[in-house]
Amino acid sequence: MVAKKLGVSTATLFQRTGSKQQLMLMALQPEGTVITELERGVQPGVAVREQLSQVLIELNEYLGTIIGGSITLRAAGIEVEELPEPTPQRLRLLLTQWLVQATSAGLLVVIDPRTTADILIGTLESRHIHAYMQQEQLSSKQHREYIQAMLDVVFPAR
């Protein structure tokens, strides 16, 4: 079906992908990094809460892709030896560094950046896992509203 949609023969498709397993891996895992906001670092002159919200929206989209893809692959009996870059662990490290930078600039009060990064990313991961298990489709608006509510809890207004 995939070969037909692409207008190539099955042999050509498997020549390019190697196997059904590799084809599924390619289809269900994101290509490249989508964390430009996090990599950019803390931006002077832009409200830190707005920046953090954008960082979390990007992370949320990325995590939704790799979590859904990983669960689907495992359900199909396909073991994923390596997660795509950046891995969730790498995201935690990058977010920790971002939080340290924001704290050093006096823009945020973060007592423990590493734990805070774990809480923020772990909450997003958990939400995607639960939505997947309940076969619930969450809209971009619902994700943005949830992230705003999460920020209100973790970083209440002074």
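Read-outs throughout are calculated quantities, based only on the coordinates presented, and are distinct from any laboratory measurement. If you're wondering where the values come from, they're calculated on a predicted model, not measured in any experiment. Positions of Cβ are generated from backbone atoms using ideal geometry, with glycine treated the same way; all protein chains shown enter the neighbour counts.
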Using 7 Å Cα-to-Cβ label points, what is the I119/S104 separation (nm, one decimal)? 2.2 nm
Candidate aspartates and glutamates - alpha carbon under 14 Å from K20, same-chain residues fewer than 8 apart omitted: E79
In whole angstrom, how long is each semi-axis of the equivalent ellipsoid of the chain, when you take the square root of 5 times every eigenvalue of its Cα gyration tensor and sort them from largest down? 35, 16, 14
Multiplying the sequence separation of L151 and Q15 by 0.36 nm and subtracting their Cα-Cα distance, what value in nm do you get? 44.2 nm
Potential lengthening between S126 and D112 on full extension [0.36 nm per residue; Cα-Cα distance subtracted]: 3.0 nm
Identify, among A149, T12, I121, the residue whose Cα sits farthest towards the positive end of the charge dipole of the chain, taking +1 on the Cβ of Lys and Arg and -1 on the Cβ of Asp and Glu, with the dipole about the Cα centre. T12
Farthest toward positive dipole pole in the range 20-154 [+1 Lys/Arg, -1 Asp/Glu at C-beta], among V48, N60, L95: V48
The range 94-110 and the range 1-22: distance between their alpha carbon centers, rounded to Å: 46 Å
